[in-house]
1. Which value, in Å to one decimal place, does the Kirkwood hydrodynamic radius take for the range 52-133 when every pair of different Cα atoms is included?
2. Connecting C-alpha atoms closer than 10 Å in a GNM of the chain, tell me which of Arg164, Arg173, Arg60 has the biggest fluctuation.
3. Using θ = phi - 60° and the Karplus curve 6.51 cos²θ - 1.76 cosθ + 1.60, what whole-Hz ³J(HN,Hα) does each residue of the range 66-71 get, with Gly and Pro shown as x?
4. Going toward the positive end of the dipole of the chain, with +1 on Lys and Arg Cβ and -1 on Asp and Glu Cβ, which of Val137, Leu15, Val61 do you reach last?
5. Quick check for you: with a 1.4 Å probe and neighbouring chains kept, what is the accessible area per residue of the range 21-171, in Å²?
6. Percentage of Cα-Cα pair distances in the range 1-42 greater than 12 Å, rounded to whole percent?
7. Using the scaling law 2.2 N^0.38 Å as the reference, what is the normalised Cα Rg of the range 27-181?
8. In terms of modelled amide H atoms, which long-range or inter-chain residues lie less than 5 Å from the amide H of Ser130?
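The values are calculated or read from the model by the stated rules, or taken from the named source; none is laboratory data. In this text the structure is predicted, and so the values were computed from the model without any measurement. We place every Cβ from the backbone using ideal geometry, glycine too, and count neighbours over all the protein chains shown. Areas reflect the complete protein model, heavy atoms only, side chains present, ligands, DNA and RNA absent. Shrake-Rupley method; radii C 1.70, N 1.55, O 1.52, S 1.80 Å.
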Amino acid sequence: MQLAKWAHDLAESLLAESLPNRWAHSLHVYSQALTLAPALGRDAELLAAAAIAHDVGYARVAVDTGQHMIDGARYLRDVVGADPRLCSLVAFHTSSPWEASELGLNDALAEFGPAEPDLVDAITFCDLTSSPTGALVDPGERLTEVLDRYGDEHVVYRAVSAARPELLARVARVRQRRAEADRLAIS
């Protein structure tokens, strides 16, 4: 858990004081990642690190493009020299490809590709099952909350609306993988 501890300390230093709700959300995303460890094997720590650090792009020192996923990945890569796979997971989490397309940032996102589909599914699951204040939430309700918060004229609204079917499919794939891992552990 050395990578996860490092990511935790970094995210806490960037979010806890200035963005306490974002920090509470990140802590729950991290706790959700820990529940997936049996299904992820050797990538469990990488997911835990990405989960706790997934929103560092909201920190004032990290803002660059205005797309928090890319900004967080760039901060992790350029300022603190993080593992490229960690940066990629932060860059591609949840609706990032759709937002990048809306904002004309496909080339910036491509700096962190290719994405690892199983891990992107996992971090998306963790993000969408965590409310903005750090409580467990239904993914469909979480997406509705995001849409309501941003309103239909905002880029996030358009991106999340377009991404919604795929985001829910990611959640379903993770639930299936977790159930399979649980079955294997029992037998």
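1. 12.4 Å
2. In this elastic network of the chain, the residue with the biggest mean-square fluctuation among Arg164, Arg173, Arg60 is Arg60.
3. x, 9, 4, 5, 5, 4
4. The residue sitting farthest along the positive end of the dipole is Val137.
5. Details: 6070 Å² over 151 residues.
Heavy-atom accessible area per residue stands at 40 Å².
6. Working: 547 of 861 pairs.
I get 64 percent for the Cα pairs in the range 1-42 exceeding 12 Å.
7. On the way: Rg = 14.4 Å, N = 155, 2.2 N^0.38 = 15.0 Å.
For the range 27-181, the normalised Cα radius of gyration is 0.96.
8. Sorted by chain and number, the residues that satisfy this are Val137.
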